[in-house]
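Asker: The structure is given below, and queries will be raised subsequently.
Please treat every number below as a calculation from the coordinates, not as lab data. In this text the structure is predicted, and so the values were computed from the model without any measurement. All Cβ positions, even for glycine, are placed from backbone atoms using ideal geometry, and neighbour counts span all protein chains on display.
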Amino acid sequence: METEQKKYSLTAKKGENITEWYTQVIINSEFVDYSAVSGMMVYRPDSYFAWDSLKEATDKLFKEAGVQDVYFPLFIPERFLTKESEHVKGFSPEVAWITHAGQSELSERLAVRPTSETIMYDSFSRWVRSWRDLPIKFNIWASVVRWEFKHPTPLLRSREFLWNEGHSAFATLEEAEEERKVILDIYEKILHDYLALPGIRGRKTDSEKFAGAVASYSIEHLMPDGWVLQGPDHHSDGQNFAKAFEIKFLDKDGNKKYVYQNTYAISTRELGAMVLTHGDDKGLVLPPKLARIQIVLVPIYNDVKKEEVLNYSRTVYETLKDSFRTYLDNREEYSPGWKYNEWEMKGIPVRIEIGQREVDSKSVTSVRRDTGKKENIKLELLKDSLVSLLDNIHTNLYKKALEFLESHTFAVKSYDELKKLAGNGIVQAPWCGSDECESKVKEETGAKITNLPMNVQEKAKGERCVYCGKEAKHIANFAKSY
């Protein structure tokens, strides 16, 4: 029992050592686990439920926007990856290669999917002949493998991760540009409604854009340690891949043209952002929509009143089970206090305590995971009260995260201020647009430009670059980044 009790406790504090705290939380809560393959993890039931729920909600919005699900092979011929020079250069260090099948050497190396542009666009080149074949709006839900880094971290930077890949092709640049807002709006809605995560939408700099893209756009999250984690993104690929793969069509006037393309993705990295943002020194704090168990019932009894309390607990469970994801914890080998500790570690949104007092008053005592607040609720009001309570928990999680983001986003004009604040949040500062100033700031402070926030660019007018003093073209978000 002592060993099991230890499993559901943390020795690291979030505010003192967030790296160690994060590792203890995701492992001790049984959210994920390490596997026998370095850098690749196991999604346990709670984390996979969260991802599956996020995936289902996102896919529904994709379909409403006219996006269709497809699937393409996991393996990609080497000749495909070499067709777009910037793309292959960007991914070469990350690619895992298949060279043999059994004892036989393959005639051509196959890449384990780092991303699917190249294998999909080979098919696009055969499918697109006329303007009538456009637009293409496809999406795949898949795993990808990227092997370049030395220190993988579960969920945040894994060598294999789960994501969506959206791939579209349009007859005109205007149509392709219009899609960006649709997709980023979908991602922002998912972040808000399911993960309770705010973010800052903006364009990536050329040095940070996706390999092969004309421009990249991202939603960036601020973590509790003052560092930034990139969230969902959307890439405007222009005609780069179309020219490499000969994706051409005859327009209405009979002219042969290349298509314009976009790609976009959201990944299981969002679950890591969720853990970092909402978790506390007791463990996970799960937003209700992503919790595999939303409500856990814990009976409290002595030997004399045991059956009475258990029977009442079963009645409460039957009342709730069709409306909420509910679990009755009637295990006899563990004390109520041990169960509290376990379910707090796992981040279950609401715990309901049922003892003799609750039986006598035909009520229950609810305990919120986010605040610890207790409330006595009459049984006849329980369903409606829990609907309101779960909504309130989600709203509170988002509000706290948004308040942190806003209070740790700093507008500065001097380089001294930027250096002082780097690593403590997002530092918004004027930037001239030069690669040299961008790289110098990163080299000297460790803070890179995470994106150029869309909602403040008008403030660059009349300002001077924070580094070189030349006329500013943009307001840039500088931050240390995961």
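Asker: Filter Lys399/Lys470; Lys63/Lys282; Lys306/Lys374; Lys204/Lys420 down to the pairs with a C-alpha to C-alpha distance above 28 Å, please.
Answerer: Beyond 28 Å between Cα atoms: Lys399/Lys470; Lys63/Lys282.
Asker: Using the Cα centre of the chain as the reference point, and only Cβ charges (+1 on K/R, -1 on D/E), how large is the resulting charge dipole? Debye, rounded to the nearest 20.
Answerer: 440 debye
Asker: How much length, in nm to one decimal, is gained on full extension between Thr319 and Lys413, taken as 0.36 nm per residue of separation minus their Cα-Cα distance? List each step's numbers first, then the result.
Answerer: Numbers: separation 94, 0.36 × 94 = 33.84 nm, distance 5.87 nm.
Length difference between fully extended and current span is 28.0 nm.
Asker: Now for a separate question. Among Phe170, Tyr187, Ala142, which residue has its Cα positioned farthest towards the positive end of the charge dipole of the stretch 131-192, with +1 placed on the Cβ of Lys and Arg, -1 on the Cβ of Asp and Glu, and the dipole taken about the Cα centre?
Answerer: The Cα lying farthest towards the positive end belongs to Ala142.
Asker: Mind scanning Lys83/Lys473; Lys89/Lys473; Lys14/Lys189; Lys346/Lys373 and naming the pairs with a C-alpha gap bigger than 22 Å?
Answerer: Flagged as over cut-off: Lys83/Lys473; Lys89/Lys473; Lys14/Lys189.
Asker: Find the centroid of the Cα atoms in the stretch 1-75 and in the stretch 350-417, then give the distance between the two in whole Å.
Answerer: 22 Å
Asker: Per residue of the stretch 212-221, in order, report the coupling 6.51 cos²θ - 1.76 cosθ + 1.60 (Karplus, θ = phi - 60°) as ³J(HN,Hα) in whole Hz, putting x for Gly and Pro.
Answerer: x, 8, 7, 8, 10, 10, 9, 10, 9, 9
Asker: What 222 nm value per residue comes from the helices of the chain, counting each DSSP H run with n ≥ 4 as -39,500 (n - 2.57) and dividing by all residues, nearest 500 deg cm²/dmol?
Answerer: Value at 222 nm, helices only, nearest 500: -10500 deg cm²/dmol.
Asker: Any idea which of Gly423, Gly446, Gly462 is furthest toward the positive side of the dipole for the stretch 409-479, if Lys and Arg beta-carbons carry +1 and Asp and Glu beta-carbons -1?
Answerer: Looking along the dipole axis, the top candidate is Gly462.
Asker: In nm, to one decimal, how far is the Ser53 label point from the Glu308 one, both placed 7 Å along Cα→Cβ?
Answerer: With each label placed 7 Å out from Cα toward Cβ, I get 3.6 nm.
Asker: Would you please give the FRET efficiency between Glu86 and Lys378, computed as 1/(1 + (r/R0)^6) with r the Cβ-Cβ distance and R0 = 56 Å, to the nearest 0.05?
Answerer: About 0.30, to the nearest 0.05.
Asker: Something else: Enumerate the amide H contacts of Ile354 below 5 Å, restricted to partners 5 or more residues apart or on another chain; note that Pro and chain-start residues carry no placed amide H.
Answerer: Under 5 Å from the amide H of Ile354: Val298, Ile300.
Asker: Moving on. Counting Lys and Arg as +1 and Asp and Glu as -1, each charge on the Cβ, what is the dipole of the stretch 32-164 about the Cα centre in debye, to the nearest 20?
Answerer: Magnitude of the dipole: close to 220 debye.
Asker: Can you compute the charge dipole magnitude of the stretch 111-218 about its Cα centre, using +1 on each Lys and Arg Cβ and -1 on each Asp and Glu Cβ, nothing else charged? Give it in debye, rounded to the nearest 20.
Answerer: Taking the Cα centre of the stretch 111-218 as origin, the dipole is about 320 debye.
Asker: While we're on this one: Taking the dipole about the Cα centre of the chain, with the C-beta of Lys and Arg at +1 and of Asp and Glu at -1, give me whichever of Ser47, Val37, Ile247 is farthest to the positive side.
Answerer: Ile247
Asker: Can you figure out the FRET efficiency of Lys248 with Lys63, using R₀ = 35 Å and their beta-carbon distance, to the nearest 0.05? Don't skip to the answer; put the middle values down first.
Answerer: Working: r = 28 Å, r/R0 = 0.81.
Once the sixth-power term is evaluated, E becomes 0.80.
Asker: Same structure, new question: Test of understanding: extend the Cα→C-beta vector of Val387 to 7 Å, then name every residue of the stretch 323-348 with backbone N under 17 Å from that spot.
Answerer: Only 323-326 pass the distance filter.
Asker: Can you give the Kirkwood hydrodynamic radius of the stretch 293-391 from its Cα pairs, in Å with one decimal?
Answerer: Taking every pair of different Cα atoms in the stretch 293-391, averaging 1/r and inverting gives 13.4 Å.
Asker: Using the Kyte-Doolittle scale, which helices in the chain average at least -0.5 and also have C-alpha atoms spread 30 Å or more along the helix axis, with helices defined as whole DSSP H runs?
Answerer: The answer, listed by residue number, is 382-407.
Asker: Something else about it: Simple spin-label model, 7 Å along Cα-to-Cβ: Val70 to Ser130 in nm?
Answerer: Roughly 1.9 nm, to one decimal.
Asker: The stretch 387-456: which trypsin sites (Lys or Arg not before Pro) are DSSP loop and have at most 15 other beta-carbon atoms within 10 angstrom?
Answerer: Loop-located and lightly packed - Lys413.
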